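Reviewing the structure listed below.
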Amino acid sequence: MEGPVVTSLADLPLRDDLRGREPYGAPQLDVPYALNTNENPYPPSPALVAALGKAVEDVAGGLNRYPDRDATLLRADLADFLNADTPGAGRTGRDVWAANGSNEILQQILQAFGGPGRTALGFEPSYSMHPIITKVSGTAWVDAHRDEDFGLDPAAAVAAIEKYEPSIVFLTSPNNPTGTALDLATIEAVLDAAPGMVVVDEAYAEFRRGGTPSALNLLPGRPRLIVTRTMSKAFAMAGTRLGYLAADPAVIDALLLVRLPYHLSAVTQAVARTALAHRAELLGTVDALRAERDALVAWLRGEGLTVADSDANFVLFGSFSDRRAVWEGLLERGVLIREVGPPGWLRVSVGTPEETAAFRTALKEVL
Ligand code: PMP
């Protein structure tokens, strides 16, 4: 008897430009110490778990209806939260947009401002989803490189923009996977040179070191600037899938043209609003994580390794002739980190003191 016919991707009429691609994603392995996806390691307290449960219960009775399509209340809450970062900005829900993770925000930006015949430009090494979302939207991708020290020279950035005239420029600050933050002068130089939209991806903004400014400060009067943020990292809500942006209301009008109706479920909106109401608890771990990060950078340097300065909740370190062997050695000891970034470097997320100690012990053994 013949077995069932197995269809492979090659048998399907897939778009030519998707052939040969691999799905994106860090390995999701069940290990004692997962330090590979830059999550906040602290789970919600029992009191917050109860509040989240109550919030879901409150909307559950209305789940036969579609949710608020424009997430009005959630966006107002997010605006309030951002106003604390830039006092006096007076932002309202009209200046903020929300979606399922900042990845969906980025996808909507590409759908509205990119597309066939257009180009997006970024400075690698950076967040690898930027080129992926770009290409999947049919937009061409240009990599204008970062400097050797992972910084961005404004003159070089401007020259690349003038050469390629991209519809969208990606800046990531603090940058993933290097942890490098940008100064406002560099972002301003890029904005002045760019003919199209400039996206500053601030997924890790809350972890930045004192004195490192946010691009939110540049928003007034700059309708081509978009600042994206997320509740996945500092906010300790990666499972909620809630990303957002601040921009001129006209930018949000553009995104309304491409967003799917009812893209944010009633459950997501309720959970995100409850998390925002408990922001003091959720963001209460950020100072401890920053201190843990700074200590980790110092420790790695003390071990003779090269370490990039970090304004984020992860650290890029190297360099290894065989980084794969180091990554595997750590995994054998129950510590999962990320093999990402320039050849020879590895990235570790900052965990609890216990997790970070396990990483240090394992790395000492491997080296
Ligand atoms: N931007 C950057 C720089 C990131 O590192 C990540 C997550 N790794 C994201 C955006 C997307 O995060 P999310 O979709 O969970 O908001």
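Quick notes
- Global geometry of the chain, whether rounded, prolate or oblate, following the gyration tensor of its Cα atoms and the 1.5 cut on a/c: rounded
- Net charge dipole size for region 84-234 [Lys, Arg +1 and Asp, Glu -1 on Cβ; Debye, nearest 20]: 520
- Beta bridges by DSSP in region 48-277, antiparallel share as percent, to the nearest 5: 40
- In plain terms, the chain from Val267 to Glu303 could stretch by 8.3 nm, reckoned as 0.36 nm per residue minus the Cα-Cα distance.
- Prolate/oblate/rounded label for region 35-142 (Cα gyration tensor, a/c 1.5): prolate
- Overall, the anisotropy analysis places region 185-230 in the prolate class: the square-rooted eigenvalues a ≥ b ≥ c of its C-alpha gyration tensor yield a/c not less than 1.5, with a/b exceeding b/c.
- Fully extended contour minus Cα-Cα distance, from Glu2 to Leu14, at 0.36 nm per residue: 1.6 nm
- With contacts taken as Cα pairs under 8 Å and at least 6 residues apart, region 44-199 reaches a relative contact order of 17 percent.
- Summed side-chain charge close to Ala51 - residues other than Ala51 whose Cβ falls under 11 Å, Lys, Arg +1, Asp, Glu -1: -1
- Around Asp248: net Lys/Arg minus Asp/Glu count, Cβ-Cβ under 15 Å: +3
- A simple count of charges around Leu110, restricted to other residues whose Cβ falls under 13 Å of its Cβ and scoring Lys, Arg +1 and Asp, Glu -1, yields +1.
- Spatially close Lys pairs in the chain, defined by Cα atoms under 28 Å apart and a spacing of eight or more places or different chains, total 4.
- Cα lying deepest toward the dipole's positive end in the chain, options Ala50, Gly239, Pro125, charges on Cβ: Ala50
- Estimated distance in nm for a label pair at Glu162 and Ala295, the labels positioned 7 Å out from Cα along Cα-to-Cβ: 4.8
- Taking all Cα pairs closer than 8 Å and separated by 6 or more residues, the relative contact order of the chain comes to 22 percent.
- Extension gain from Thr72 to Thr352, taking 0.36 nm per residue of separation minus the Cα-Cα distance: 97.3 nm
Values quoted throughout were computed directly from the atomic coordinates according to the rules given, and no laboratory measurement underlies them. None of the values given here were measured: they were computed from a predicted structure. Using ideal geometry, Cβ is built from the backbone for each residue, glycine included, and neighbour counts are taken over all protein chains shown.
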